Amino acid sequence: MLVHIKDIVGKAQNSGYGIGAFNICNLESALGVAEAAVRAKSPAIIQVSESAIKYMGLKPITHIVSTIAKNIAAGVPIALHLDHGKSFDSIFECINAGFTSVHIDASDLPFDENVNLTKHVVEVAHARKVWVQGEVGAMPGGHGDKGKILKNIPIASVEEVIEFVKRTKVDTIAAAIGTAHGVYENEDVKINLLKEIKEKTKKPFVLHGGSGVADAKIKSAIKNGVNIINIGTDIKVAFCRALIDNCAKNSKEIDPRILLKPTIKAVEKVVYDKMKLFGSAGRVRIGEVET
Ligand code: G3H
Ligand code: ZN
């Protein structure tokens, strides 16, 4: 069932488990996340980046996710979120399309410019009861290869994060605390920094760069204040691995459905395992979500 993100995050905060925010970019990955949520009896955040919206179109992606949430995942809470929104216009379009949460990522701007742009987004979004995620400390990395070391993973300043939250009134906060987008050997979670940010801001914390972070570190992060864990690369890798392997085995196939079908299961398995790791699996009693 499509719900407001606050319903999902509120429950998780009170019960001390993490919620996965899973990046999708097509029908199959959306189906994979939804089917994992149903099998795991877990809430889930389905998120799209601006490039995923460019690839699929805002209306198609919104209707695909809401239709899947209302039908295949009718019994579990699903929220739709814009990930790494860069421009005010694209954020505004997502708010108009019915997203209940948007991420304004202005972390690569000078601090005061980040604050001002984020404040503007908060004013507009809050007028429409939409949650806003802000970010301090630009996330490094990209589509990381396994076993690669990422030089210079920046760390946010706790003073900046506290001032940012005070001045912007964001609903959730993302900050660079040692992880990176992609899969790198030297990703870490600075627990003391996380604890201080949590203590001083009292805001739900979003861990970006969730792929490639050791399970023990994810568990410790959730125990010390992480509420939402973003997973993108692990989904992409599982999807592409399944597609490439299947195409290699069926190089004469001409039916796209035959070639694409295993990607759904591959994404479902990765997401299911994350829901177990985050502790969100089993949190939904069937029938609990009004359909
Ligand atoms: O915003 C999306 C996430 O931060 C993706 O990070 O690709 O390392 O899972 P990841
Ligand atoms: Zn991210």
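Computing FRET efficiency as 1/(1 + (r/R0)^6) for K249 and I72, where r is the C-beta to C-beta distance and R0 is 25 Å, gives about 0.40. Using alpha carbons only, the radius of gyration of the stretch 189-230 set against its Kirkwood radius gives Rg/Rh = 0.93.
What you get for the stretch 140-218, charging only the Cβ of Lys and Arg (+1) and of Asp and Glu (-1), is a dipole of about 240 debye around the Cα centre.
The share of accessible area on the chain that comes from carbon and sulfur is 56 percent, using a 1.4 angstrom probe. Spin-label model, C240/D188: points 7 Å from Cα along the beta carbon direction are separated by 2.8 nm. For the chain, the relative contact order comes to 25 percent (Cα pairs under 8 Å, sequence separation of at least 6).
Looking at the chain alone, DSSP beta bridges between its own residues are antiparallel in about 5 percent of cases.
Annotation for the stretch 212-285 versus the stretch 65-116: alpha-carbon center distance of 21 Å.
Might you report the magnitude of the Cβ-based charge dipole of the stretch 5-278 about its Cα centre, with Lys and Arg at +1 and Asp and Glu at -1, to the nearest 20 debye?
Values: 36 positive and 30 negative charges, 180 e Å.
That gives a dipole near 860 debye.
Evaluated at q = 0.07, 0.08, 0.09 Å⁻¹, a Debye calculation over the C-alpha positions of the stretch 5-278 (equal weights, vacuum) places log10 I(q)/I(0) at -0.23, -0.30, -0.39. Put +1 on the Cβ of every Lys and Arg and -1 on every Asp and Glu Cβ in the chain; which of T233, F99, N71 then has its Cα farthest towards the positive end of the dipole? Of T233, F99, N71, it is N71.
Can you give the FRET efficiency for K202 and D7, using 1/(1 + (r/R0)^6), R0 = 22 Å, r = Cβ-Cβ distance, to the nearest 0.05? Before the final figure, lay out each step's value.
On the way: r = 19 Å, r/R0 = 0.86.
My answer for the efficiency is 0.70.
Between N224 and S51, the simple label model (points 7 Å from Cα in the Cβ direction) yields a spacing of 3.1 nm. Modelled this way, with points 7 Å down the Cα-to-C-beta line, the labels at K217 and R285 are 3.8 nm from one another. Surface analysis of the chain yields an accessible area of 45 Å² per residue, using protein heavy atoms and a 1.4 Å probe.
Would the stretch 206-291 count as rounded, prolate or oblate if I go by the C-alpha gyration tensor, calling it rounded below 1.5 in a/c and otherwise prolate when a/b exceeds b/c, oblate otherwise?
Note, shape of the stretch 206-291 comes out oblate.
The values are calculated or read from the model by the stated rules, or taken from the named source; none is laboratory data. In this text the structure is predicted, and so the values were computed from the model without any measurement. As a convention, Cβ positions derive from the backbone with ideal geometry for all residues, glycine included, and neighbour counts pool all protein chains shown. Side chains included, ligands, DNA and RNA excluded: accessible areas come from the protein's heavy atoms. Shrake-Rupley method; radii C 1.70, N 1.55, O 1.52, S 1.80 Å.
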